[in-house]
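Structure first, commentary second.
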Amino acid sequence: MADLHDQFGDIDIYLFDQLLRRRITPGMRVLDAGCGPGRNLLYLLSEGYEVYGADTDSRAIDAVRRLAASLAPALPAGNFRTETIEAMSFPDSIADVVLSSAVLHFARDDDQFGAMVRGTWRVLKPGGILFCRLASNIGMEKEMKPIAGRRFLLPDGSERYLVDEAILGKLTAELGGRLLDPLKTTIVQDQRCMTTWVVRKTG
């Protein structure tokens, strides 16, 4: 029996849930917007998905290209690009699934957050799925210390752009999306909150 870590690596457990529920299936194009070194891509590359990725860290892109070369040598290195998610050079509607795992909460302010969301949504095809995990204040509203706008100091000492339920509901409607799952928030021992936002692009 294959070792699960060898198959899936350090995949986000909530992304693993989407795979188990067969919302992400072989033959789909998957774009990881803010892919890092490929934490969430090991299984997808191994199973023959058409994978794309973008990240501002050139070292991370070098690492994910090496990973892809070892697991899916037919994929062009150009599928993985050093660029911001606000201005990705991939065509509109290229992906069946777009991943955004622990990325959007690094926005400096409302303008950058909006640009990051629009850039991520643009590359998703109609009918496709956005899987997003991001920091929020849901369940710990009183513990977050305001810095400026939606930037907060968290109890764990980090600074993040935080969303809440109302913001994600408004964004879903404005984008022309439909929630596939209710918002799910994990509170990590009174240190931070991470919310899973899974949206179908309608139209």
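We did not get these values from a lab; they are worked out from the coordinates using the rules stated. Note that the structure is predicted; figures quoted are calculated from it, not measured. With ideal geometry, Cβ positions are generated from the backbone for all residues, glycine too; neighbour counts draw on all protein chains shown.
For the reader, a short list of remarks on this structure follows.
- Projected area, mean over directions - the stretch 11-93, Cα convex hull, nm²: 5.2 nm²
- 3J(HN,Hα) along the stretch 160-170, derived from phi through the Karplus expression 6.51 cos²θ - 1.76 cosθ + 1.60 where θ = phi - 60°, amounts to 9, 7, 10, 9, 9, 4, 4, 4, 5, x, 5 Hz, with x in place of Gly and Pro.
- Of the peptides 27-33, 186-192, 57-63, the order by per-residue mean of other Cβ atoms within 10 Å, starting with the highest, comes out as 27-33, 57-63, 186-192.
- Dipole of the stretch 1-153 computed with +1 at Lys/Arg Cβ and -1 at Asp/Glu Cβ about the Cα centre; of ALA115, VAL98, ALA135, farthest Cα towards the positive end is ALA115.
- Segment ARG21-GLU47, extension gain: residue separation times 0.36 nm, minus the distance between their alpha carbons: 7.7 nm
- Efficiency of FRET from Cβ geometry, SER58 and GLU174, R₀ 30 Å, rounded to 0.05: 0.35
- Added length on full extension, which subtracts the Cα-Cα distance from 0.36 nm per residue, LYS184 to ASP6: 61.3 nm
- Reciprocal mean inverse distance between Cα atoms of the chain - Kirkwood radius, Å: 17.3 Å
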